[in-house]
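Below is one structure, written out as structure tokens, with a few remarks after it.
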Amino acid sequence: MNRLLRNYRLLLPVYSLLLALLTSSAIQAQTEPTGEQLDSEQEVQLTIADPYIEIHTGPGAGYPIFHVVDRGQQIVMLKRKTSWYKIRAENGKEGWASREQMQKTLLPGGQVLQFSEQDRETFIKRRWEWGVTSGELHNAPILSLYAGYALTDNLSAELTLAQSIGNVSSSNLYKLNLLMQPFPAWQYSPFFTLGAGAIQVKPNATLIDPADKNNALSQVGLGFKTYLTRRFILRVEYNEYVIFSANNDKDENEDIGEWKIGFAVFF
């Protein structure tokens, strides 16, 4: 157990660095002020550019209109709920306005307020995705870095590079797989994977035969993804590998399991 904990500590700084790079990439991708960036971070003063904005008592078209703010007046955007924004008028009245009307308001610098649309719909329509995951491969900690491209809404191609550090040996794993997501619109969207690649096993120098071993492998897996916020995804998965290690001295291939969890950003 102590050795396993030490191995996790070896991978933890790398995992933290990669996660920081993911966060930095997601932030840098949003260089212009948007409604999503301003949401819940600060109160933003806006100027009405449309003839008027209708203020509802709640976040939806079904709520009654109780106040109208005319062109040229200022409002303060307080927070967001789905596609509705809570605002406060100059006279202190607070209510909700739709995204369609809010996107015709002006920021303090005179720019039109833009909405990046980085919501669940954007998550479903994403094309590029990359992230880091951590877990266990055959009772040894493993850290993975992957990049994926969506061929369709339901089918993606992914390239994964991973490293596992165990008590007896360390492994480098490379694989290319197809990921099928039959229900991309679900909040917790399941997926299935099928792939192939190679694994390089480096035994500890204290073993009798410290020679590296390189073998091909195949993989099947399942898991789920869920959209978190902005450009972030949570991913959980389990994979089964067949390592083609049969030879003159060994009649059977190896079957090993892997579970992992991690975060990704999409573009």
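Overview of results
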| quantity | calculated |
| --- | --- |
| Number of positions in region 108-137 that are modelled with pLDDT under 85 and either in contact with a His (Cβ under 8 Å, 6 or more places away or on another chain) or surrounded by 15 or more Cβ atoms within 10 Å (Cβ to Cβ) (or both) | 9 |
| Given (1) in a strand (DSSP E or B); (2) touching a residue at least 24 places away in the same chain (Cβ under 8 Å); (3) assigned by TED's automatic domain parsing to the domain that holds residue 178, index of the condition residue 147 fails | (2) |
| Any chance residue 170 is out of contact with any His (no Cβ under 7 Å at 6 or more places or on another chain), assigned by TED's automatic domain parsing to the domain that holds residue 202 and small (Gly, Ala, Ser) | yes |
| Lone qualifier among 231, 235 - being within 11 Å of the chain's Cα centre (by Cα), buried (at least 16 other Cβ atoms within 10 Å of the Cβ) and either β-branched (Val, Ile, Thr) or modelled with pLDDT of 90 or more (or both) | 235 |
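Matching residues to (1) part of a strand (DSSP E or B); (2) of a type in the set (S, T, N, Q); (3) more than 17 Å from residue 129 (Cβ to Cβ); (4) in contact (Cβ under 8 Å) with a residue 12 or more places away in the chain:
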{"position": "167", "(1), (2), (3), (4)": "no, yes, yes, yes"}
{"position": "185", "(1), (2), (3), (4)": "no, no, no, yes"}
{"position": "200", "(1), (2), (3), (4)": "yes, yes, yes, yes"}
{"position": "214", "(1), (2), (3), (4)": "yes, yes, yes, yes"}
{"position": "217", "(1), (2), (3), (4)": "yes, no, yes, yes"}
{"position": "227", "(1), (2), (3), (4)": "yes, no, no, yes"}
{"position": "240", "(1), (2), (3), (4)": "yes, no, yes, yes"}
{"position": "252", "(1), (2), (3), (4)": "no, no, yes, no"}
{"position": "258", "(1), (2), (3), (4)": "yes, no, yes, yes"}
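The values are calculated or read from the model by the stated rules, or taken from the named source; none is laboratory data. As the structure is a prediction and not an experimental result, all values here were calculated from the model. We place every Cβ from the backbone using ideal geometry, glycine too, and count neighbours over all the protein chains shown.
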